[in-house]
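Report on one structure; see the data block that follows.
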Amino acid sequence: MAEVGAIVEGTVTRLADFGAFVQIGAGETGLVHISEVDRNYVKDIKEHLKEGDKVNVKIVAIKEDGKIDLSIKQADPSWEEQSTRARSGRDPEFEAKLKRFMRESQERLADVRRQRDSKRQ
């Protein structure tokens, strides 16, 4: 019997536009929604998975009707580290990107103002 939070190995049995069905145990099958396949945006699930692939999945939820929600990206050991960093509110990589964006934005704005002022004179 599957337990929420467990990380198990499964086999992709069927692909759909919205996700992949993965057999995880004795006849139990769950769905990995397309948003839970990879950290990056997934446009076409067939670019990431194919039927018969062995994958590690985390059991995210078991609904009242018995349907099982799975996640491949949350089964990755680095997922916990990233989500902990996100909860703390500090992601150094994001902070650096934001700082660079703000600096470039200020520079562009200054250029636009200079051009505008030179046309007025």
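The values are calculated or read from the model by the stated rules, or taken from the named source; none is laboratory data. Computed from a predicted structure; not experimentally measured. Here the Cβ positions follow ideal geometry from the backbone for every residue, glycine too, while neighbour counts run over all protein chains shown.
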TODO: Taking the options 82, 74, name whichever one is in a helix (DSSP H, G or I), modelled with pLDDT under 90 and touching an Asp or Glu at 6+ places or on another chain (Cβ under 9 Å).
DONE: 82
- [ ] Would you mind telling me which numbered condition in (1) outside any loop (DSSP other than H, G, I, E, B); (2) at pLDDT below 90; (3) not aliphatic (A, V, I, L, M) residue 66 fails?
- [x] (1)
Open item on the list: As an exercise: evaluate residue 21 against (1) over 23 Å from residue 77 (Cβ atoms); (2) of a type outside the set (Lys, Arg); (3) loosely packed, with under 11 Cβ neighbours inside 10 Å and give the number of the one condition it does not meet.
Closed with: (3)
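Residues of the range 26-52 being at positive phi and either assigned to a strand (DSSP E or B) or touching a strand residue (DSSP E or B) at 6+ places or on another chain (Cβ under 8 Å) (or both), which ones? Before the answer, list the steps.
Of the residues in the range 26-52, the ones at positive phi are 27, 52.
Of everything in the range 26-52, just one residue is at positive phi and either assigned to a strand (DSSP E or B) or touching a strand residue (DSSP E or B) at 6+ places or on another chain (Cβ under 8 Å) (or both), namely 52.
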- [ ] Give the range 28-68 a look and list any residue that's surrounded by fewer than 16 Cβ atoms within 10 Å (Cβ to Cβ) and of a type in the set (Lys, Arg), or say none.
- [x] 39, 43, 46, 50, 54, 63, 67
